[in-house]
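Since every read-out is calculated from the coordinates, none of them should be taken as a lab result. Treat the numbers as computed from the prediction; the structure is a model and nothing was measured. Here Cβ is always computed from backbone atoms with ideal geometry, including for glycine, and neighbour counts include all displayed protein chains.
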Amino acid sequence: MAELRHNGGIVDVMLELGFDAVKYFEGTITSTAQTISISPPARRLTIVNRDENNPMYINITGDDATCAASLIPGDNLKIEAGCEFEMDFDVLESVSMIACGGDVWAEGYLGWKGTKGC
């Protein structure tokens, strides 16, 4: 069951955030990169790592996410266990996700502004 705080539901989230459309997703992220293609491109991405022990990584460049990060800035973004990532974009066309250390339950939503028929 979804645990994102909606208060009054998705409709209130849309009004509060000023989005024309919001779509929710959830599922198990494994050690094989999974990519979501987003058309039309979204403007906001929120992902919550619901696992209590294992991190996950995301990549928003169109490449597959990998379990890697270093002192040299790269394209993989780490989301620790129990943490949330949220960011606004001009254009977001894909997000790739991978779990590192064990399967991870993740949930999130995408938001669109100025786009009808999402």
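For this structure, a couple of remarks:
- Calculated from backbone phi, Karplus (6.51, -1.76, 1.60) coupling profile of the range 85-90 in Hz, x at Gly/Pro: 10, 9, 7, 9, 9, 6
- Between the beta carbons of N53 and D20, assuming R0 = 30 Å, the FRET efficiency works out to 0.20 to the nearest 0.05.
- Other-chain or far-sequence residues with amide H under 5 Å of W105's (modelled H): I29, R50, D51
- Chain lengthening between D88 and S70 when straightened (0.36 nm per residue, less Cα-Cα): 4.1 nm
- Annotation for L77 and T28: the two label points, set 7 Å from Cα along the Cα-Cβ direction, are 2.6 nm apart.
- Taking amide H as placed 1.01 Å from N in the peptide plane, the amide H of A21 sits under 5 Å from that of W112, each at least 5 places away or on another chain.
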